[in-house]
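Q: Have a look at this one before I ask anything.
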Amino acid sequence: MTPLLEIRNLETFYGPIMALRGVSLEVHKGRVVTVLGANGAGKTTLLKTLSGIMDPEKGKILFEGQEIQGKEPHKVVRAGIVHVPEGREVFPLLTVEENLALGAYTRSDKAEIARDRDMVFSYFPILSERRKQEAGTLSGGQQQMLAIGRGLMLRPKIMLLDEPSLGLSPILTQEIFAILKKLNQDEGVTMMLVEQNAAVALDLADDGYVLELGRIVMSGSADKLANSDDIKSFYLGHANEGARGERRWKRRKTWR
Amino acid sequence: MTRHDKIPAMVTVKGTAINAEPGSRPVLVDGADTIPRLFQHRCKQDPARVAHREKTLGIWRAFSWDDYWNHAKWIGLGLKRLGLKRGDVVQILSEDRKEWLYFDMGIQCVGGIASGIYTTDAATQVAYILKDSACRFLIVENEEQLDKFLEIPDGAPGVEKVIILEEEGLHALEGDRYMFLPELYALGQDEEKAAPGSFEAEIGQSAPEDVALLIYTSGTTGAPKGAMLSHENILAAMQAGLRELAVEPGAEQLCFLPLCHIFERNNSSYFPLAARSIVNFAESPETVFDNLREVSPQSFSAVPRVWEKVYSRVLILAQEATPLGRLAFSLAMKAGFARADAQAAGKSLGPIKGLAVGLADMLVFRNLRQLLGMDRLKQGISGAAPISPALLRWYRAVGVPIYEGYGMTENAATCTVNRPAANRLGTVGPVMPGVTVRIADDGEIQSHGLTNFKGYWNLPEKTAETFTADGWLRTGDIGRVDEAGFLTITGRLKDIIITAGGKNITPAEIESRLKFSHYIADAVVIGDKRKYLSCLVMIDQENVEKFAQDHKVPFSDFASLCRAPQVLDLIKAEVDQVNIEFARVEQIKDFRLIDVLLTAEDEELTATMKLKRATVEKRHKALIDDMYRS
């Protein structure tokens, strides 16, 4: 089966700095794929290159078998790829409803749009309550919900989520990830999720990749990743206390 | 010195008096017949002279021979106060640092035997060595190494005191069994006040035939064995080094390979004692190349893996250069290779080619050498594993002459070496002064000389097996000596494969050819009692990743890189290339890639990053079975 999204040997630069050093990965339809990595690993760059905000120097991005690398972002959006950026970035002076309407900007089927808006409200009831409120006055968690809801309004074939847990309380993170899970299960939304919070990401995802310094160092099912010693000690914070019960040093990563 | 009835004739080499006749006894270096005496002499000779440099908080700081003396003295006396007796083994579990050498000397000066444990060893291996050497005093570097000691299941009851070099993170540590380095120094200072001159008196008791150090050999089969090297062994090695290696007074050196291994130990602990060179300690294994550039050593000895890495880095840099830069580099390489080949053939270049080489050197190679930190290097040494002649030729072309040598722990790493005046690519050179080599009927290389070790610690039977009836050392390697006396290694005796067809094959010969490929880091040839030969290949991660990226081969992690059909084709082409050079029965019919990225911690690799045949065959049995299934 051809993957919905396939990335081959992607290289992206910030001026002279090579942020992606040859990344290849696949996302199959209906799956949730997470890309884990620390600060500066290249996660956001990867999403920006996918959605056309940045152009790759080398490599291919195949979406439904078509090459889309280097295309203008609006064309990428029309192809069905929605990027929910890091830090929400909702339109603060527009109301919740207006933000959602903007999400459906490329569509014209009014009845369907209204149906989708109700669907978004059913997943995020709080947004329904505040539909007339300016988005800038929402809490961080509500803004994140709005950003996801706005993305859904496009009926995307794949959603690229950049750190939805950023700046949110653990409870709110749990809540949002539960909704993402439901969206994937009930609506069949394919997702590519970039996260630093490995615990919630691996819980939600089917497959995962670990990105370090612009290269993929590990890949596999989310279960396999969650059980790897390196993931446990470097991403899940499982401390091996050692013989003295207060170990400070870190083991070397082997990625297996 | 009156300790010896007869003093042999001496000669001064590089400012140091050594035996005029290599191999004559007693072996004297500047009049000293043991390591502690030479150490004492050197420290008193020129105390303010720089002995070591270490980087702290980003700045290289110098430490003098006087520092060396004082700290070694406090360590020696401190250990003595703790109850160290002459002949006791002290184990050092630490990365390279100046204190490693302070301990090496301190221990030996009071009659102890200094031995090192690899920091990459697992707790079980540490436990084995501690028990085997009846170690009472263990030196650990830091928290990480201490935790390894604490993981030993039976608690290593023989160890009475653990001395810790770095206090960081260990303030809560309690118990009489542990001591931090400053406390040991204080103890030594106390002892010195109580009994002045006792350290010098201990040095006076040292004798050439005493065991100075134990080197645990990694042993590709079975448990590690402690090879006992005497003071005389090491002094004989120093003399050979002064004569034929780049052991130079005042030369800057870089210490970065494990000091528990004889190769780095000679280079960084003993040869500097003979030559008064300056040892710079690399900050960590990860920073070696940066440190190399900072230090720009005059003398640099490394294992093939390191030379290969430097080469790969240059190739990658060259490929990523501007088109003009690439053109200049390829033109320069052409001229450089012409020079290398002319040198190898002993011919001189014509005036036009000579001019081209001069230009290439001035415009390209000089910068390159500066970039690598090899602009002052006159005689690089490669040892401990076979190196590709093509790689040596490349280095020759860029103006960095490297000479391949051969030796093993059991002859204090002193056997043969190529040198500026006598160099043949593909051989390991003529014998070193004072050493004799012969080839036995079964092809085994046997060596004789004062560098031959005393035997294995507590293993008289193994020791007896290692020597022939007439006292020559069985190296276990097979090889041949050409008409000019150059030795070529062809394999290991016990690795000889006898195929199901009854054909004897030395795998090392095939394996070295495979390794010469930039894409193959190491390989193990299989085929004992089998119908045909096959091999397991460990790919060179950096170069194969680069290949994949350049050829648009998608891969994610290391395993997926090893699965990529194009990578398999690439390795197949390399294997086919090697097969051409061998007879049909010696050809590799099938291969598999080891798809885990092995690190020094893995049992499959030796300290010099070579694959261990027995372990690899056991761990990757499934891959091997798969090749012989049909």
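The values are calculated or read from the model by the stated rules, or taken from the named source; none is laboratory data. Being a predicted model, the structure only gives us computed values, none of them experimental. Glycine also receives a Cβ, built like all others from the backbone with ideal geometry; neighbour counts cover every protein chain displayed. Accessible surface is based on the protein model in full, side chains and every heavy atom, while ligands, DNA and RNA are left aside. Shrake-Rupley method; radii C 1.70, N 1.55, O 1.52, S 1.80 Å.
Q: Once you have a ≥ b ≥ c as the square roots of the Cα gyration tensor eigenvalues for the range B:474-518, tell me rounded if a/c is under 1.5, and otherwise prolate or oblate according to whether a/b is larger than b/c.
A: Details: a/c = 2.12, a/b = 1.28, b/c = 1.65.
Oblate, because a/c is 1.5 or more while a/b does not exceed b/c.
Q: Taking a 32 Å limit on the Cα-Cα distance, which of the listed pairs A:K58/B:K334; B:K14/B:K80; B:K55/B:K612; B:K55/B:K462; A:K253/B:K621 fall beyond it?
A: Working: A:K58/B:K334 30 Å; B:K14/B:K80 36 Å; B:K55/B:K612 34 Å; B:K55/B:K462 42 Å; A:K253/B:K621 25 Å.
In this structure, B:K14/B:K80; B:K55/B:K612; B:K55/B:K462 lie more than 32 Å apart at Cα.
Q: Taking beta carbons within 10 Å but only from partner chains, what does the mean come to for residues B:555-565?
A: Numbers: counts 9, 15, 11, 7, 5, 5, 2, 0, 0, 1, 0.
Taking all residues of B:555-565 together, the mean is 5.
Q: From the phi of every residue in the range B:528-542, what ³J(HN,Hα) in whole Hz does the Karplus formula 6.51 cos²θ - 1.76 cosθ + 1.60 yield, where θ is phi - 60° and glycine or proline is x?
A: 5, 6, 10, 6, 8, 8, 9, 8, 9, 10, 9, 7, 7, 3, 4
Q: Rounded to the nearest 5, what % of the DSSP beta bridges within chain A are antiparallel ones?
A: 55
Q: Would you tell me the mean number of C-beta atoms belonging to other protein chains that fall within 10 Å of each C-beta in A:244-254, as a whole number? Working shown, then result.
A: Numbers: counts 8, 1, 7, 5, 7, 8, 1, 2, 4, 1, 7.
Mean partner-chain Cβ count within 10 Å for A:244-254: 5.
Q: Moving on. Can you compute 3J(HN,Hα) from phi for each residue in the range B:480-493, using the Karplus curve 6.51 cos²θ - 1.76 cosθ + 1.60 with θ = phi - 60°, rounded to whole Hz and x for Gly and Pro?
A: Result, ordered by residue: 9, 10, 7, 5, 8, x, 7, 8, 10, 8, 10, x, 9, 4 Hz.
Q: Provide the percentage of antiparallel DSSP beta bridges, counting only those with both residues in the range B:496-628; round to the nearest 5. Spell out each step's value before the answer.
A: Details: 9 of 14 bridges.
So the antiparallel bridges in the range B:496-628 amount to around 65 percent.
Q: Which order do peptides B:7-19, B:311-323 fall in by mean Cβ count within 10 Å, highest first? Let's see the in-between values first.
A: Working: B:7-19: 15.8, B:311-323: 13.5.
The most tightly packed comes first, giving B:7-19, B:311-323.
Q: What whole-number distance in Å separates the alpha-carbon centres of the range B:323-338 and the range B:481-512?
A: 37
Q: Another question about this same structure. So for the pair A:Y14, B:K334, with labels modelled 7 Å out along Cα→Cβ, what separation do we get in nm?
A: That separation, rounded to one decimal, is 4.1 nm.
Q: Apply the Karplus parameterisation 6.51 cos²θ - 1.76 cosθ + 1.60, with θ equal to phi minus 60°, to every residue of the range B:125-135 and state each ³J(HN,Hα) to the nearest whole Hz, in sequence, with x for glycine and proline.
A: With coefficients 6.51, -1.76 and 1.60, one gets 5, 4, 4, 4, 5, 4, 5, 4, 8, 6, 6 Hz.
Q: If every alpha-carbon in the range B:496-628 counts as one equal scatterer, what log10 I(q)/I(0) does Debye give at q = 0.10, 0.12, 0.13, 0.18 1/Å?
A: -0.30, -0.44, -0.52, -1.00
Q: Another one. Give me the dipole magnitude in Debye, nearest 20, for chain A about the Cα centre, with unit charges on the beta carbon: positive for Lys and Arg, negative for Asp and Glu.
A: Numbers: 35 positive and 33 negative charges, 112 e Å.
With only Lys, Arg, Asp and Glu charged at Cβ, the dipole is about 540 debye.
Q: Next question. For A:H74, B:H171, give me the order by solvent-accessible area with a 1.4 Å probe, most accessible first, ignoring ligands, DNA and RNA.
A: Working: A:H74 105, B:H171 145 Å².
My answer, sorted largest first, is B:H171, A:H74.
Q: A further question follows. Using the per-residue mean of other Cβ atoms lying within 10 Å as a proxy for protection, in what order, highest first, do the peptides B:458-467, B:530-539, A:229-238 fall?
A: Numbers: B:458-467: 13.7, B:530-539: 21.5, A:229-238: 16.4.
Ranked by mean Cβ neighbours within 10 Å, highest first: B:530-539, A:229-238, B:458-467.
Q: Other chains near B:596-604: what is the mean number of their Cβ atoms within 10 Å of each residue's Cβ? Mind dumping the intermediate values first?
A: Details: counts 3, 4, 2, 4, 1, 3, 1, 0, 0.
Per residue, the number of nearby Cβ atoms from other chains is 2 on average.
Q: In addition: Taking the Cβ-Cβ separation of B:A17 and B:K531 as r and a Förster radius of 41 Å, what is the calculated FRET efficiency to the nearest 0.05?
A: Details: r = 61 Å, r/R0 = 1.49.
Efficiency, from the Cβ-Cβ distance: 0.10.
Q: For chain B, what does the helix formula give at 222 nm: sum of -39500 (n - 2.57) over DSSP H segments with n ≥ 4, over the residue count, nearest 500 deg cm²/dmol? Intermediate results must be reported in sequence, preceding the final value.
A: Working: 23 runs with 238 residues, N = 630.
The helix-only estimate for chain B comes to -11000 deg cm²/dmol at 222 nm.
Q: Select from the range B:28-87 those trypsin sites (Lys or Arg not before Pro) which occupy a DSSP coil region and have at most 11 other Cβ atoms within 10 Å, ordered by residue number.
A: On the way: sites: B:R37, B:R42, B:K44, B:R49, B:R53, B:K55, B:R61, B:K73, B:K80, B:R81, B:K85, B:R86; in loops: B:R49, B:K85, B:R86.
Filter output for the range B:28-87: B:K85.
Q: What do you get for chymotrypsin sites (Phe, Trp or Tyr not before Pro) in the range B:547-630 restricted to DSSP loop and a cutoff of at most 14 other Cβ within 10 Å of the site's Cβ? Don't skip to the answer; put the middle values down first.
A: On the way: sites: B:F547, B:F555, B:F558, B:F582, B:F591, B:Y628; in loops: B:F555, B:F582, B:Y628.
For chymotrypsin sites (Phe, Trp or Tyr not before Pro) across the range B:547-630 that sit outside H, G, I, E and B with at most 14 neighbouring Cβ atoms in 10 Å, the list reads B:Y628.
Q: Run the numbers on chain A and let me know its relative contact order in percent, using alpha-carbon pairs under 8 Å that are six or more apart.
A: Values: 463 pairs, mean separation 62.2, N = 256.
The normalised contact order for chain A reaches 24 percent.
Q: On a full-extension model of 0.36 nm per residue, what is the gain between B:S312 and B:S64, subtracting their alpha-carbon distance, rounded to one decimal in nm? Walk me through the numbers before you get to the answer.
A: Details: separation 248, 0.36 × 248 = 89.28 nm, distance 3.65 nm.
Here the answer is 85.6 nm.
Q: So, one more: Can you pull the one-decimal nm distance between simple spin-label points at A:T106 and B:E200, each 7 Å off the Cα toward Cβ?
A: Inter-label distance under the simple model: 8.8 nm.
Q: Turning to a different aspect of this structure: How high is the relative contact order of chain B, given as a whole-number percent (alpha carbon pairs under 8 Å, six or more residues apart)? Each step should come with its number before you reach the end.
A: Numbers: 1212 pairs, mean separation 64.6, N = 630.
Averaging sequence separation for qualifying contacts and normalising by length gives 10 percent for chain B.
Q: Now for a separate question. Report, by chain and number, residues whose modeled amide H sits under 5 Å from the one on B:K589, excluding near sequence neighbours (fewer than 5 apart, same chain).
A: B:L533, B:S534
Q: Report the Cα centroid-to-centroid distance between the range B:151-191 and the range B:366-434 in angstrom, as an integer.
A: Taking the Cα centre of each part, the range B:151-191 and the range B:366-434 sit 41 Å apart.
Q: Going through the range B:319-361, which trypsin sites (Lys or Arg not before Pro) have at most 13 other Cβ atoms within 10 Å and a DSSP loop state? Could the numbers behind the result be given before it?
A: Numbers: sites: B:R326, B:K334, B:R339, B:K347, B:K353; in loops: B:K347.
Hits after loop and neighbour filter: B:K347.
Q: May I pose another question? Express the relative contact order of the range B:422-478 as a whole percentage, based on alpha carbon pairs under 8 Å and six or more residues apart in sequence.
A: On the way: 57 pairs, mean separation 17.7, N = 57.
Computed over the range B:422-478, the figure is 31 percent.
Q: Just to be sure I understand: with springs between alpha-carbon atoms less than 10 Å apart, which residue in A:I171, A:I81, A:I53 has the highest mean-square fluctuation in the Gaussian network model of chain A?
A: In the Gaussian network model the winner is A:I171.
Q: Quickly rank B:476-483, B:519-526, A:213-220 as a protection proxy: mean count of other C-beta atoms within 10 Å, highest first. It would help to have the intermediate numbers written out before the result.
A: Values: B:476-483: 16.2, B:519-526: 24.4, A:213-220: 21.1.
Ranked by mean Cβ neighbours within 10 Å, highest first: B:519-526, A:213-220, B:476-483.
Q: Please figure out what share of the DSSP beta bridges in the protein assembly as shown is antiparallel and state it in percent, rounded to the nearest 5.
A: Values: 68 of 122 bridges.
Taking every DSSP beta bridge with both residues in the protein assembly as shown, the antiparallel ones total about 55 percent.
Q: Take the alpha-carbon centre of the range B:292-318, take the same for the range B:561-612, and report the distance between them in whole Å.
A: Using only Cα atoms, the two centres lie 24 Å from each other.
Q: What does the accessible area per residue of the range B:302-492 come to in Å², with a 1.4 Å probe and no ligands, DNA or RNA counted? Present the calculation step by step, with values, prior to reporting the outcome.
A: Details: 8570 Å² over 191 residues.
Ligands and nucleic acids excluded, the figure is 45 Å² per residue.
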